[in-house]
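Colleague: Starting off with a structure, shown below.
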Amino acid sequence: MAASSSSDAGSHELQKPYPEVVIAALPNQNTGEEVDDEYHDFNRGHTRNDQVDMGRMGKVQELRRNYRPLSAIAFTVILQGTWEVLMTATTQGLTDGGVAGLIWSFIWTFIGFSFVMAALAEMASMAPTSGGQYHWVSEFAPPRFQKSMSYFIGWMSTLSWQAGTTSGPFLVGTLIQSCAIVMYPSYTPTNYQGTLMVIAVTVIVWALNVYGTKTMPLVQNIMLVIHVCGFLAIIIVLWVLAPRNSAKTTFTQFTNEGGWSTMGLSLMVGQISAIYACICSDAAAHMSEEIKDAGITVPRAMVSAYILNGALGLVFLISYMFMMTDVDAALHHPTYYPHIWVFRQAVSSGGVAALNVIPTILIFAGTVSFNLSTSRQTWAFARDHGLPFSSWIGHVSPSLQVPANAVTVTSAITIALSLINIGSDVAFNAIISLNVVSLMITYVFSIGCVLYRRIQHPELLPKCRWSLGRWGVPVNIGGFLYSLYAFFWCFWPNATPVTAVDFNWAVVMFVGVAVIAAVDYAVRARHVYKGPVVLVEGWKGE
């Protein structure tokens, strides 16, 4: 019995709006037990367990399952890139909290997000689909809200990942410009140059993700090695050559450069840097239909990647904060990247450029992975008729076995948004700020829905091979509350008093996207969007 079939649902079955999926009867279907895995479809790369899961969800296997356990872990590790994010995106944390604030906020954020990650991992085992959060909401929400809530979360998830995909090429471009500034101090970067770099990076990413998907698992494994070796190289150089703070300063010196009324409030505002470093565990879930034996491999990859990235991130952050001997000078460096200032205290200009190549390469690799995950989530939502032009976006190339149109749409959106940066970097930053806040609301809804199902109708939850068991309710409660807490703080500006430059435009973008989604629902989607739950085995309409 599927999770979405419940006693409070009506007795009549809704006519399914999509073609029926013919799946052979298999043993142990939906029992949570391992089935005989000697079966293997050499054309698509899936196992009997994958076929059981896809059959329960009413989905056709259209993509090739190229990813194995190691490459699935590598994919998630590189996309999250925790220590790289802590290096390149900690301006807000340094402004509001300082060196000690960043360290302690990362620790409590990592602990809080562990509940979120565990809840998402279990749902990824229950329903291993590229749709992720909107599919889980559709399955686990109260029946009368399944359609509207899943549609809203589908839009939020799609726009969140699209906005996040735009930030990767932007980071790569500005890191390249930073090297130019270090080597040629007279160079003055311009917005249009940054946009051209974003376009160039995006075109390369598009080509790799359309024509190079078969080699991506190998590339991800290589990047995992670079991820660890690059971490070691930078840590060793900093500890050997850079001047450093005392332990007392590093762990107890808090700063409030944002002008907030109390240090505690400043810390709450500054924790967004740590939050940004811990998000996107659900990336592996959006690749579920390309990962072999996804029902167990995906949650294991999520947990393993989170632990590995958290450990590397904490060691790197503590080391980095030891070397942050002058926060004000670092924040006002001509490149606007504090880590460039830290590098310069240890090595020559040439050495800075060489060290900066490491995060640039890894963030580029993360951008490739981000585009992959985003395009799969977008493709899945289009497959369920959640987006305009769904038929075209949801098409899979038969020869490539890749949702090439979704990759093209994702890349086109990145390029279109980058053009805004030419006229106003404030507007551009406003759009990419949508990434974190929208992702948080998808976590709130999906975890909240599975918590509802677990409390109200636990017998209707699908059995899974990676289960929280008796810890399900407390972990879901912890994940739900932490996601709600993080969602609240994502709207706060960096400093006060607030100007147009300092204003956190996420609230405007969030409401704007919600309005656009509501209009699309009223005009188009309510007639065609039923939600993925209508294909789930055993589902009955209200």
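Colleague: As a test of the formula, what do you get for the chain when each DSSP H run with n ≥ 4 contributes -39,500 (n - 2.57) and the sum is divided by the residue count, at 222 nm and rounded to the nearest 500 deg cm²/dmol?
Modeller: -21000 deg cm²/dmol
Colleague: Would you mind computing Rg(Cα) / (2.2 N^0.38 Å) for the chain, counting N as its residues? List each step's numbers first, then the result.
Modeller: Numbers: Rg = 22.9 Å, N = 542, 2.2 N^0.38 = 24.1 Å.
Against the empirical 2.2 N^0.38 Å value, I get 0.95 for the chain.
Colleague: Using a 1.4 Å probe, what is the accessible area per residue for the chain, in Å²?
Modeller: Heavy-atom SASA per residue in the chain reads 37 Å².
Colleague: Accessible area of the chain with a 1.4 Å probe: how many percent of it is carbon plus sulfur? Numbers along the way, then the final one.
Modeller: Working: 13510 of 20020 Å².
So the carbon and sulfur contribution to the accessible surface is 67 percent.
Colleague: Filter the DSSP H helices in the chain by two things, a Kyte-Doolittle mean of at least 1.6 and an axial alpha-carbon span of 27 angstrom or more, and list the hits by number.
Modeller: Correct list, ordered by number: 216-241.
Colleague: Search the structure for amide H atoms under 5 Å from the amide H of Val402, placed 1.01 Å from N in the peptide plane, and list their residues when 5 or more places away or on another chain.
Modeller: Those qualifying (amide H under 5 Å, at least 5 residues apart or on another chain) are Ser397.
Colleague: Distance between the C-alpha centers of segment 460-518 and segment 176-196? Whole Å please.
Modeller: That distance is 35 Å.
Colleague: Let me ask you something else. In the chain, what is the count of Lys pairs whose alpha carbons are under 20 Å apart, counting only pairs at least 8 residues apart or on separate chains?
Modeller: Number of lysine pairs found: 15.
Colleague: Between Arg470 and Cys229, 0.36 nm times their residue separation minus their Cα-Cα distance comes to what? Provide the component values of the computation, followed by the final result.
Modeller: Values: separation 241, 0.36 × 241 = 86.76 nm, distance 3.90 nm.
Taking Arg470 through Cys229 to full extension adds about 82.9 nm, to one decimal.
Colleague: Hey, another quick one. Which of the peptides 54-66, 154-166 is most tightly packed, and how do the rest follow, going by the mean number of other Cβ atoms within 10 Å of each residue? Provide the component values of the computation, followed by the final result.
Modeller: On the way: 54-66: 20.6, 154-166: 26.6.
Ranking the peptides 54-66, 154-166 by packing returns 154-166, 54-66.
Colleague: Relative contact order for the chain: what percent, with Cα pairs under 8 Å and sequence separation of 6 or more?
Modeller: 34
Colleague: Could you rank the peptides 74-83, 328-337, 109-118 by their average count of other C-beta atoms within 10 Å per residue, with the highest value first?
Modeller: Details: 74-83: 28.1, 328-337: 16.7, 109-118: 21.9.
So the peptides 74-83, 328-337, 109-118, ranked by packing, come out 74-83, 109-118, 328-337.
The values are calculated or read from the model by the stated rules, or taken from the named source; none is laboratory data. Keep in mind the model is a prediction, meaning the values are calculated, not measured. With ideal geometry, Cβ positions are generated from the backbone for all residues, glycine too; neighbour counts draw on all protein chains shown. What goes into the accessible areas is simple: the full protein's heavy atoms, side chains included, and nothing from ligands, DNA or RNA. Shrake-Rupley method; radii C 1.70, N 1.55, O 1.52, S 1.80 Å.
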